[in-house]
Amino acid sequence: MSAVIKTVTPFVIEEVLIEALLVVGAEPVKITPSNLQTVSHRGGLVVGDILTNRSDFYGPQHFRQNGDHWILRHDSSEMNGRVSSMLTGKHYSKVGRFLEEVGSAYESTYAKHLEKLAEQERIRLEEERKARVEATRQQAIAKAKSQGYSVKETTNSKGQIQLVLTRMV
Amino acid sequence: MPEQKITLTIDDDGAITAKTSGFKGESCLEALDELLNLEGVVSNVKKTDEYHQQQTQQTNRVQSLKGKS
């Protein structure tokens, strides 16, 4: 006998996983100390688990962090599989199909996440640059004044800061 | 009373371009060094006509003083 299997996309970043679950309409809910007692699951839940709106014999199917990635905990036979959702048109699909959908949503959400990080990095570098220019400006003005120059500040045609320092000798 | 003038342009990366006028010879570079701590940070120095004129005048004056002695 031979077999070909495909593993799911590794779900590594919690924020991306939650966003992906929202995209596929799985209505994720994070387990916190305050809601831990309000949800029952035969296998038990822990703070940090991420519930979905899918349930089976044991209770709500949920993601739990296992090392550096999140795994879906569910009844392997999917007995009594159902979706408890306020969303219309949500039907229970097999776990494999569900994970495929989440994986696909995770990949596109991850791409957006990378873009967001790049944008944040760009903003950080831009702020650093502005701070560097401002520090240079303030340092130059302070030093010039201490050496008896009068300082006139303008902006040139390129929008760059221009300091005109003059003193009589 | 002569006026010394320095125009500093701060570019988008915080680098400074400085242009001086009213200084005699090397004193313009000294003034800029005092102002901006130039050691190890200058990428380019372009001496203006004014700089060369004043240097030439100074050289001439030294030569004429030598000629007198």
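Could you give the angle, 0 to 90 degrees to the nearest 10, between helix A:14-23's Cα long axis and the longest principal axis of the Cα atoms of chain A?
60
For the interface of A with B, what's the total buried accessible surface in square angstrom, probe 1.4 angstrom, rounded to the nearest hundred?
On the way: alone 11690 and 6050 Å², together 15710 Å².
The summed interface area works out to 2000 Å².
So with the 1.4 Å probe, I'd like the accessible area per residue for segment A:1-76, rounded to whole Å². Before the final figure, lay out the partial values.
Values: 4350 Å² over 76 residues.
Value for segment A:1-76: 57 Å² per residue.
Could you work out how far the C-alpha centroid of segment A:3-67 sits from that of segment A:90-169, in angstrom?
36
Determine the order of A:Val151, B:Val42 by accessible area, beginning with the largest, at a probe radius of 1.4 Å.
Accessible-area ranking of A:Val151, B:Val42, largest first: B:Val42, A:Val151.
First check a/c for segment A:1-80, with a ≥ b ≥ c the square roots of the eigenvalues of its C-alpha gyration tensor; if it is under 1.5, answer rounded, and if not, answer prolate when a/b is larger than b/c or oblate otherwise. Don't skip to the end; give the middle numbers.
On the way: a/c = 1.83, a/b = 1.30, b/c = 1.41.
Taking the square roots of the gyration eigenvalues as a ≥ b ≥ c, segment A:1-80 is oblate.
What's the carbon and sulfur percent of segment B:1-46's accessible surface, probe 1.4 angstrom, rounded to a whole number?
Details: 1350 of 2980 Å².
On segment B:1-46, the fraction of accessible area on carbon and sulfur atoms equals 45 percent.
Determine ³J(HN,Hα), in whole Hz, for all residues of segment A:123-136 in sequence, where each value follows from phi through the Karplus function 6.51 cos²θ - 1.76 cosθ + 1.60 and θ = phi - 60°; x replaces Gly and Pro.
In residue order, the calculated couplings are 5, 4, 5, 5, 5, 4, 4, 4, 5, 5, 5, 5, 5, 4 Hz.
Determine the share of chain A's accessible area contributed by carbon and sulfur atoms, expressed in whole percent, with a 1.4 angstrom probe. Before the final figure, lay out the partial values.
Numbers: 5850 of 10680 Å².
Answer for chain A: carbon and sulfur cover 55 percent of the accessible area.
May I ask for the equivalent-ellipsoid semi-axes of segment A:120-166, computed as the square root of five times each C-alpha gyration tensor eigenvalue and listed largest first in whole Å?
Values: eigenvalues 132, 36, 3 Å².
In descending order the semi-axes read 26, 14, 4 Å.
Over segment A:13-53, what portion of Cα pair distances is larger than 13 Å, expressed as a whole percent?
Values: 428 of 820 pairs.
I get 52 percent for the Cα pairs in segment A:13-53 exceeding 13 Å.
Tell me which of B:Thr48, A:Ser77, A:His62 sits at the most positive position along the dipole axis of the protein assembly as shown, charges placed on C-beta atoms (Lys, Arg +1; Asp, Glu -1).
B:Thr48
Which entries in the list A:Lys158/B:Lys24; A:Lys143/B:Lys46; A:Lys158/B:Lys47; B:Lys5/B:Lys46; A:Lys152/B:Lys47 go over 20 Å, if you measure between the two C-alpha atoms of each? Walk me through the numbers on the way to the answer.
Numbers: A:Lys158/B:Lys24 30 Å; A:Lys143/B:Lys46 23 Å; A:Lys158/B:Lys47 24 Å; B:Lys5/B:Lys46 17 Å; A:Lys152/B:Lys47 24 Å.
Among A:Lys158/B:Lys24; A:Lys143/B:Lys46; A:Lys158/B:Lys47; B:Lys5/B:Lys46; A:Lys152/B:Lys47, the Cα-Cα distance tops 20 Å for A:Lys158/B:Lys24; A:Lys143/B:Lys46; A:Lys158/B:Lys47; A:Lys152/B:Lys47.
Can you spot the lysines whose alpha carbon is less than 22 Å from A:Lys90's alpha carbon? Ignore those fewer than 8 places along the same chain.
Once the sequence-local lysines are set aside, what remains near A:Lys90 is A:Lys30.
Could you calculate, for segment A:80-169, the ratio of the Cα radius of gyration to the Kirkwood radius, expressed as Rg to Rh?
Working: Rg = 28.9 Å, Rh = 19.0 Å.
Ratio value, two decimals: 1.52.
Mind checking which of A:Pro28, A:Ile141, A:Leu45 is farthest towards the positive end of chain A's charge dipole, using Cβ charges of +1 (Lys, Arg) and -1 (Asp, Glu) about the Cα centre?
Comparing the listed Cα positions along the dipole, A:Ile141 ranks first.
Obtain the radius of gyration and the Kirkwood radius of the protein assembly as shown from its C-alpha atoms and give Rg over Rh.
Reported Rg/Rh, Kirkwood definition of Rh: 1.44.
Please tell me the relative contact order of segment A:120-166 in percent, rounded to the nearest whole number, where contacts are Cα pairs under 8 Å and at least six residues apart. Before the final figure, lay out each step's value.
Working: 29 pairs, mean separation 11.8, N = 47.
RCO, segment A:120-166: 25 percent.
With every protein chain present, what accessible area does A:Glu101 have (1.4 Å probe, heavy atoms only), rounded to the nearest 10 Å²?
60
Find the accessible area per residue for segment A:120-166; the probe is 1.4 Å, ligands and nucleic acids are left out, and the unit is Å². Write out the running numbers ahead of the final one.
Values: 3120 Å² over 47 residues.
I get 66 Å² per residue for this part.
The values are calculated or read from the model by the stated rules, or taken from the named source; none is laboratory data. Keep in mind the model is a prediction, meaning the values are calculated, not measured. In this analysis, Cβ positions are derived from the backbone assuming ideal geometry, glycine residues included, and neighbour counts consider all displayed protein chains. To get the accessible areas, we keep the full protein, side chains included, count just its heavy atoms, and leave off ligands, DNA and RNA. Shrake-Rupley method; radii C 1.70, N 1.55, O 1.52, S 1.80 Å.
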